[in-house]
Every structure is written in structure tokens, then in C-alpha cells.
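The values are calculated or read from the model by the stated rules, or taken from the named source; none is laboratory data. Here the structure is a predicted model, which is why all the values come from computation and not from measurement. Backbone-built Cβ (ideal geometry, glycine too); neighbour counts: all protein chains shown. When the accessible area is computed, the model is the full protein with side chains, heavy atoms only, and any ligands, DNA or RNA have been set aside. Shrake-Rupley method; radii C 1.70, N 1.55, O 1.52, S 1.80 Å.
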Amino acid sequence: MDKQQIFTDIHGLCEGFTKFFVQLADNKSGTFYMAISGGTTPIALFNYWADNLKESHIWQKVHFFWVDERCVPPDSNESNFYNAKKHLLDKLKINPDQVYRMKGEESPQKEAGNYASLLQEKLPLKNNTPHFDLIILGMGNDGHTASIFPHQIKLWDENSNCVVGEHPETGQKRVSLTGKVINNAKHVAFLLTGTNKKNIVAGILDEREYVKDKYPAALVNPVSGNLFWFMDSEAAHLIMHE
Ligand code: 6PG
């Protein structure tokens, strides 16, 4: 499968990504371990799944984990769990036993430790590190991914499963997976939309060596080699015209 796919708009991206996701989940026997990100792009995907994939049998095998979570209560509209619950989990009536949220209401450091232990316990391990079947990532306009921001890029290489990041403008604390877990996944997919991302997308895809000290998203490089980019034409604008 082409590792870079470009779509006219976000609906096309959700459709194309869903084909990829269904194929992965169908081909996996037993539980499909998936970690999802927050932000606006995943909400569009969740709504697409609720509208177009609701009856699929694959939802019985998917176990949901989070890439990151804002340190807010689970009923806050800023919560990544809240938005996944509202736009997907409740609509599909996913069994709560298949859902492992990061607890944004807990002390950040405490939850980072607890979630790291939960991953170690609930997931299969590869190199003694939690081994996801699929991790869905976004990328901020500043090149952050998960909740590893440029001003804290060193958190990416922490030797733990989870860390506490901090939003550079708001100071909001966030629990986040580290590169140790993200780059240990079987498949990693970026879902990227919008013109504000086009320069960083081009920087990472064309000159990763030059930007990997600036953009945490440039450090996403799974050992499996299975890194896929699903982009709309705005985010991909500069690489389309090469
Ligand atoms: C979060 C996300 C974050 C997100 C990017 C892109 O908690 O905000 O995990 O890393 O993926 O900010 O967000 P958009 O999808 O809104 O562009």
C-alpha cells in the first residue's frame, strides 16, 4: 500500500483511512490494540465511522487506548476521551471493557505512571514495550505530535511509556505516550489536514534530518517501517507539486 495517500478533502481522507483500518483489523486475529489521538481530525473520523461503519463486526475486537489526554475531567469538552465517547464510543455502543482512557482528572505524574503500567499489563510486548497494532497520530501546526511539543522535544526519548507534557501557550498539562511506545507500534498513521501543516509536512517528508531536532512529529519512525501518511490536498500541497 502507498505510504503517502492524498485526498481532496477530509471526507475522502476518512474514507481512505477507513479502508486501511478495516483491512488491518480484519487481518488481525484476536484483539486489535489501537491508540487514538485528540484534536479535530479524529472527530471527523469518529463521525465518519459512526455513520459508515457502525454495524461492522470489527468493533468487537478493537480495544481503545489514548495517545494523549489533556489533564481535565473526563466530561470536559477539551477531553480527548470525552470527544471519542461523544462522537464514537457511545454511538457504536462500545463495551466499556474495551476502553482504557487516560484519567485526566488525576494528578498528571501519577496518571502517567499508572497508564504506563496499564499499557505494560494490557498489551502484548515487543522489546519489553507495549506493542500496538495501530497508533493514529495528528500533528499540530507547530510540529507537535501526541502531546510532545517542540519546546519539550526531549520528552520524546524518555525511557518510559508515558510522560507529562505541557501546552506551550496555555500551560495545560497533558499525559502523552512517548516515542518509545509510538515507534514500537506495528502500524502508525498520521491523519493530517489543513494548509497550516503543509510546510512541516514537506520538511519532514523531504528533509527529515534537518527538522528532527525541531519537530517532534519528525521523530515518528516506527521500527516496523509501517508509517503511513493520510493527508488532504492542503496539508500535502508542497509535496504534491514536487
Ligand atoms: C491533542 C492531539 C494533538 C493533535 C494535534 C492535531 O490532544 O490535541 O493529540 O496532538 O493530534 O494537535 O490536531 P488537529 O487534528 O486538530 O489538527
Using 1/(1 + (r/R0)^6) with R0 = 22 angstrom and r between the beta carbons of Asn141 and Ser233, what's the FRET efficiency to the nearest 0.05?
-> 0.80
Between His187 and residues 5 or more places away or on another chain, which pairs have amide H atoms under 5 Å apart, with H built 1.01 Å from N, and which residues are they?
-> Leu134, Ile135
Report, in deg cm²/dmol and to the nearest 500, the calculated mean residue ellipticity at 222 nm for the chain, where each DSSP H run with n ≥ 4 adds -39500 (n - 2.57) and the sum is divided by the residue count.
-> -9000 deg cm²/dmol
Surrounding net charge for Glu55, when Lys and Arg each add one and Asp and Glu each subtract one, Cβ distance under 14 Å = +2
Would you work out if segment 31-77 is rounded, prolate or oblate? Take a ≥ b ≥ c from the square roots of the eigenvalues of the alpha-carbon gyration tensor; rounded if a/c is under 1.5, else prolate when a/b is larger than b/c, oblate otherwise.
-> oblate
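With +1 assigned to the C-beta of every Lys and Arg and -1 to the C-beta of every Asp and Glu, and no other charges, what is the dipole magnitude of segment 2-120 about the Cα centre in debye, to the nearest 20?
I would put it at about 220 debye.
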In nm, to one decimal, how far is the Thr31 label point from the His241 one, both placed 7 Å along Cα→Cβ?
-> 4.8 nm
Give Lys54/Lys86; Lys54/Lys126; Lys86/Lys198 a once-over and call out the pairs whose C-alpha atoms are over 24 Å from each other.
-> Lys54/Lys126; Lys86/Lys198
Length gained if Asp213 through Asn114 is fully extended, taking 0.36 nm per residue and subtracting the Cα-Cα distance, is 32.7 nm
Long-range amide H contacts for Phe64: which residues qualify at under 5 Å (H placed 1.01 Å from N, peptide plane, sequence gap of 5 or more or a different chain)?
-> Val99, Tyr100
Rounded accessible area of Ser76 (nearest 10 Å², 1.4 Å probe) = 30 Å²
Kirkwood hydrodynamic radius of segment 1-108 from all distinct Cα pairs, in Å?
-> 14.6 Å
Is any residue of segment 50-75 close enough, with backbone N under 18 Å, to a label point placed 7 angstrom from the Cα of Thr170 along the Cα-Cβ axis, and if so, which?
-> 67-75
Using alpha-carbon pairs under 8 Å, 6+ residues apart, how would you state the relative contact order of the chain in percent?
-> 23 percent
Cα centroid separation - segment 83-137 against segment 196-234, whole Å | 24 Å
Across Tyr115, Tyr82, Tyr215, the residue with the highest GNM fluctuation in the chain (Cα network, 10 Å cutoff) is Tyr82
In terms of the alpha carbon gyration tensor, root eigenvalues a ≥ b ≥ c, rounded if a/c is under 1.5 and otherwise prolate when a/b exceeds b/c or oblate, segment 128-231 is oblate
Roughly how large, in nm² to one decimal, is the mean projection of the convex hull of the alpha-carbon atoms in the chain?
-> 12.0 nm²
Ignoring ligands, DNA and RNA, what percent of the 1.4 Å accessible area of the chain is carbon and sulfur?
-> 46 percent
Starting from the amide H of Gln4, placed 1.01 Å from N in the peptide plane, find each other amide H under 5 Å away whose residue is 5 or more places distant or on another chain.
-> Trp229
Evaluated over segment 125-179, the Cα radius of gyration and Dmax, each in Å = 11.8, 36
Suppose every K and R has +1 on its Cβ and every D and E has -1 on its Cβ; what is the size of the dipole of the chain about the Cα centre, in Debye to the nearest 20?
-> 540 debye
